[in-house]
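First the structure, in the form of structure tokens, and then the observations on it.
The values are calculated or read from the model by the stated rules, or taken from the named source; none is laboratory data. Remember, it's a predicted structure, so these values are computed and weren't measured experimentally. Here the Cβ positions follow ideal geometry from the backbone for every residue, glycine too, while neighbour counts run over all protein chains shown.
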């Protein structure tokens, strides 16, 4: 089993979540995140003065899939999330050793 950690821009998150739901994955978690990479933040204006925002809003999605379906899920997410601009997002792939469900 593999865990995919996907970071995308907020306006692309809903489309990515719909695609993940259509792919019959084992489980996923979505959460808001902030960060920056090559785009290095942005300049904003508030009450007449300018200030720099170092962190940009992102959505982080963790998905658990079987080893044989990982490539298919990655290809589908990249196809949907890519806009062609800097800051589209990242996908990290982690091997999961013991996937066990906790019953609460």
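Selection of first residues in the stretch 55-72 that are over 12 Å from residue 5 (Cα atoms) and of second residues that are buried (at least 18 other Cβ atoms within 10 Å of the Cβ), restricted to Cβ pairs under 9 Å at least 6 apart or on distinct chains, gives the following pairs, ordered by first then second residue: 58/7; 58/8; 58/13; 58/89; 66/2; 67/2; 69/2; 72/65. When the residues of the stretch 6-18 are narrowed to those that are in contact (Cβ under 8 Å) with a residue 40 or more places away in the chain and over 14 Å from residue 76 (Cα atoms), which ends up surrounded by the most Cβ atoms within 10 Å (Cβ to Cβ)? Among those that are in contact (Cβ under 8 Å) with a residue 40 or more places away in the chain and over 14 Å from residue 76 (Cα atoms), it is 7.
A Cβ distance below 8 Å, combined with a sequence gap of six or more or placement on separate chains, defines the contacts here; from the stretch 19-39, residues that are within 24 Å of residue 67 (Cα to Cα) reach residues that are at pLDDT below 80 in the pairs 26/99. Only a single item in (1) loosely packed, with under 11 Cβ neighbours inside 10 Å; (2) at pLDDT below 85; (3) out of contact with any strand residue (DSSP E or B) (no Cβ under 6 Å at 6 or more places or on another chain) is not met by residue 37, and it is number (1).
If the condition is being assigned to a loop (DSSP other than H, G, I, E, B) and within 24 Å of residue 56 (Cα to Cα), then the stretch 1-40 contributes 9, 36, 37, 38, 39, 40.
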